[in-house]
Amino acid sequence: MKKWMLRISGTLLLLFLFLFWLAFFSPRPPLTTDPETLAGDGSTINYCEMPELDGSGKMAADIAKGNTPGCAYDHFPLPILAECTEPLVEGADDMRGLWIGTGGGENAKIGHLERVEQCGDRTVITAAGIIHDAGTNKTGGLNSNDTEGSVLFTLGGKEYCNRTSASMKWRDGKLDFNVFGWGPVVVRRYLDGKQLVWEYADGSVTKMNRLCKLPEEHKTPKPRGPRYSFFGD
């Protein structure tokens, strides 16, 4: 019995170490976001004036996949899909624009701000230092392949944050985020009248109102995570 307990404990330890390596030390996907997009200033745009999705410009498959540089961008970038005019897929609501959390349930994330881009079957969420991009694109897979953005620790001055991956699929008027593409729904977004509703994995429900301009305090993301330091400053 003792031997079996040791074997089970050892197996669980190895599984934990593998998952920890996968989350924090596995190679990140190549950064394929257009450098000019990352360098640009997303605060200069009027987000109440969205382009017509009439097919006159680029398709989703013509534009490189967007992802987060490192663990977070250092300023709010330009839109990933600025030149894309592919009509939305059947069943998709137009949630494009800039949104800020103003209400919801007890654990609503008041003040949370995010930009939603859509084109064809593609959706890009830019918020809190991260860029999640899922759907047809020029350079990567359909799922987002990114980071959660919260830095757990630094090692030798380098930041380490949890890797994430999810699909974004429309189901009954709601955009579901399935972890790894096949796992449970961890995030859901949908329109409720003039508001965007964001249901998060922690059980919180946040209702967001539309903004036309990025507020000054959201130009630079606030560092997130405990940031335990090992072998460095």
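Leaving ligands and nucleic acids out of the surface, order Ile8, Ile110 by accessible area at 1.4 Å, largest first.
On the way: Ile8 85, Ile110 110 Å².
Listed by decreasing accessible area, they come as Ile110, Ile8.
Would you mind working out the magnitude of the charge dipole of segment 8-132 relative to its Cα centre, with +1 at each Lys and Arg C-beta and -1 at each Asp and Glu C-beta, to the nearest 20 Debye? Can you show the working numbers first?
Values: 7 positive and 17 negative charges, 139 e Å.
Roughly 660 debye for segment 8-132.
Can you find, among Leu31, Cys161, Asn137, the residue sitting farthest towards the positive end of the charge dipole of the chain, where Lys and Arg contribute +1 and Asp and Glu -1 at Cβ?
The Cα lying farthest towards the positive end belongs to Cys161.
What does the charge dipole of segment 110-202 about its Cα centre add up to, to the nearest 20 debye, if the Cβ of each Lys and Arg holds +1 and the Cβ of each Asp and Glu holds -1?
Numbers: 11 positive and 12 negative charges, 37 e Å.
Once rounded to the nearest 20, the dipole reads 180 debye.
Hey, could you grab the Kirkwood Rh for segment 131-233? Inverse mean 1/r over distinct alpha carbon pairs, Å, one decimal. Let's see the in-between values first.
Details: mean 1/r = 0.0623 Å⁻¹.
Here the Kirkwood hydrodynamic radius works out to 16.0 Å.
Set Lys and Arg Cβ to +1 and Asp and Glu Cβ to -1, take the dipole of the chain about its Cα centre, and tell me which of Pro87, Phe177, Met208 lies farthest positive.
Checked the options; the winner is Phe177.
Largest first, what is the accessible-area ranking of Lys219, Lys3 with a 1.4 Å probe?
Values: Lys219 65, Lys3 150 Å².
Listed by decreasing accessible area, they come as Lys3, Lys219.
Could you give me D for segment 44-172, from Stokes-Einstein at 4 °C and 1.567 mPa s, where the hydrodynamic radius is the Kirkwood radius over C-alpha pairs? Units µm² s⁻¹, please.
In µm²/s, the coefficient rounds to 82.
Relative contact order of the chain: what whole-number percent is it, with Cα pairs under 8 angstrom and at least 6 residues apart?
Working: 535 pairs, mean separation 49.7, N = 233.
It comes to 21 percent, rounded to a whole number.
Roughly how many debye, to the nearest 20, is the charge dipole of the chain about its Cα centre, given +1 on each Lys and Arg Cβ, -1 on each Asp and Glu Cβ, and no other charges? Please list the in-between numbers first.
On the way: 26 positive and 29 negative charges, 252 e Å.
Dipole of the chain, to the nearest 20 debye: 1200 debye.
For the chain, please report how many Lys pairs fall under 14 Å Cα to Cα, leaving out neighbours fewer than 8 apart on the same chain. Working shown, then result.
Working: Lys58/Lys138; Lys65/Lys138; Lys109/Lys207; Lys194/Lys207.
For the chain, qualifying lysine pairs total 4.
Just add up the charged neighbours of Lys207: K/R +1, D/E -1, any other residue whose Cβ is under 12 Å from the Cβ of Lys207. The partial results should precede the final answer.
Values: positive: Lys109, Arg189, Lys194, Arg210; negative: Asp192, Glu199.
That works out to +2.
Of Leu191, Met59, Pro223, which is farthest towards the positive pole of the chain's charge dipole, taken about the Cα centre with +1 and -1 on the beta-carbons of Lys, Arg and Asp, Glu respectively?
Of the listed residues, the answer is Pro223.
Quick check on the chain: helices-only [θ] at 222 nm, where DSSP H runs of length 4 and up contribute -39,500 (n - 2.57) each and the sum goes over total residues. Nearest 500, please.
On the way: 2 runs with 28 residues, N = 233.
After summing the helix terms and dividing by the residues of the chain, the value is -4000 deg cm²/dmol.
Of the labelled options (i) 119; (ii) 149; (iii) 159, which one gives volume of the Cα convex hull per residue in Å³ as computed for this structure?
Correct label is (iii).
The values are calculated or read from the model by the stated rules, or taken from the named source; none is laboratory data. Given the structure is predicted, the values throughout are model-derived calculations rather than measurements. Cβ: placed from backbone, ideal geometry, glycine included. Neighbour counts: every protein chain shown. To get the accessible areas, we keep the full protein, side chains included, count just its heavy atoms, and leave off ligands, DNA and RNA. Shrake-Rupley method; radii C 1.70, N 1.55, O 1.52, S 1.80 Å.
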